[in-house]
1. Tell me, which residue of the stretch 32-64 that is within 16 Å of PHE86 (Cβ to Cβ) and acidic (Asp, Glu) is surrounded by the fewest Cβ atoms within 10 Å (Cβ to Cβ)?
2. Would you tally the residues in the stretch 105-127 being open to solvent by 30 Å² or more (accessible area, probe 1.4 Å) and either in a helix (DSSP H, G or I) or of a type outside the set (Lys, Arg) (or both)?
3. Mind checking which pairs have a first residue in the stretch 33-44 that is assigned to a helix (DSSP H, G or I) and a second that is open to solvent by 70 Å² or more (accessible area, probe 1.4 Å), Cβ under 6 Å, 6 or more apart or different chains?
4. Could you check the stretch 65-102 and list, in sequence order, the residues that are among the aliphatic types (A, V, I, L, M) and open to solvent by 10 Å² or more (accessible area, probe 1.4 Å)?
5. List pairs: first residue in the stretch 147-169 and closer than 14 Å to LYS13 by Cβ, second residue part of a helix (DSSP H, G or I) and of a type outside the set (Val, Ile, Thr) anywhere in the structure, Cβ distance under 6 angstrom, at least six positions apart or on different chains.
6. Do you know which of the residues in the stretch 1-26 that are among the hydroxyl-bearing types (Ser, Thr, Tyr) and assigned to a helix (DSSP H, G or I) is least open to solvent (accessible area, probe 1.4 Å)?
7. Give me the pairs: first residue in the stretch 1-26 and in contact (Cβ under 8 Å) with a residue 12 or more places away in the chain, second residue surrounded by fewer than 23 Cβ atoms within 10 Å (Cβ to Cβ) and among the small types (Gly, Ala, Ser), beta-carbon distance under 6 Å, and six or more apart or on different chains, which are they?
8. Out of VAL71, VAL59, which single residue is within 11 Å of the ligand (Cβ to nearest atom) and in a helix (DSSP H, G or I)?
Amino acid sequence: MNLILLGAPGSGKGTQGALLSTRLNIPKIATGDLIRTAMKDGTPLGTRAKEYYDQGLLVPDEIILGLIEEVLQSPGAKRGVIMDGFPRTSGQAEAVDRLLHARGQQVDRVLLVDVPEEELVRRMRRRAALEGRSDDTIDAFRRRLGVYREQTAPLVAYYRERDLVSVVPGIGTVEDIAERVKLAVGR
Ligand code: AMP
């Protein structure tokens, strides 16, 4: 089963993806985590990504597409994956379709974790205090929200045309939201 988690930064899709991954025993892959690891390790990809990452901008598709290809073609992804933080652009969405089709699979469901903007900003401030991520400044966060609205939110229409989208209200306790996710996924 191939699931995509869509949602603004701070919507909690990573938390829900991790729970779902454990429950369904399907790996969760987060491009943001892969990029943070690459930056920490100082790999060429990490070095190229950092200037965009720190400003809250999307890392260009030419860098990300190779990463997506690598993860979707890995043996661990054979039974499906939970995609957290990708695709984020139409080019990435097309690449995901192409790579899955090449192995006789498809996107099975898209969960849109929906959280109002004021709540997203509150959560970001809390996370900045706890984790100190370099893109959790108010300026970078506002930019990330803008980037989400402009480049990623249009993917909702792309998947709605195929009737794949379930909206999951992302407010409430982690357990409440997990229950909604379960209903949306159907297992
Ligand atoms: P995240 O951890 O998903 O919030 O991602 C943090 C940052 O990593 C984003 O603001 C981007 O700079 C970069 N990033 C993560 N995933 C992608 C992606 N699929 N495409 C482009 N940039 C990404």
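The values are calculated or read from the model by the stated rules, or taken from the named source; none is laboratory data. These figures come from a predicted structure and were not determined experimentally. When we count neighbours, we look across all protein chains shown, and the Cβ atoms used for this are built from the backbone with ideal geometry, even at glycine. Note: areas computed on protein heavy atoms with side chains; ligands, DNA, RNA excluded. Shrake-Rupley method; radii C 1.70, N 1.55, O 1.52, S 1.80 Å.
1. The extreme case among them is GLU62.
2. Residues that pass the stated criteria total 13.
3. Once the first residue is assigned to a helix (DSSP H, G or I) and sits in the stretch 33-44, its partners that are open to solvent by 70 Å² or more (accessible area, probe 1.4 Å) give MET39/LYS50.
4. Answer for the stretch 65-102, where residues must be among the aliphatic types (A, V, I, L, M) and open to solvent by 10 Å² or more (accessible area, probe 1.4 Å): LEU65, LEU67, VAL71, LEU99, ALA102.
5. LEU155/ALA93; VAL165/TYR159; SER166/ALA184; VAL168/ARG180; VAL168/ALA184
6. So the residue we want is SER21.
7. So the pair list comes out as MET1/GLY80; ASN2/GLY80; LEU19/ALA178; ILE26/GLY80.
8. Residue meeting the stated conditions: VAL71.
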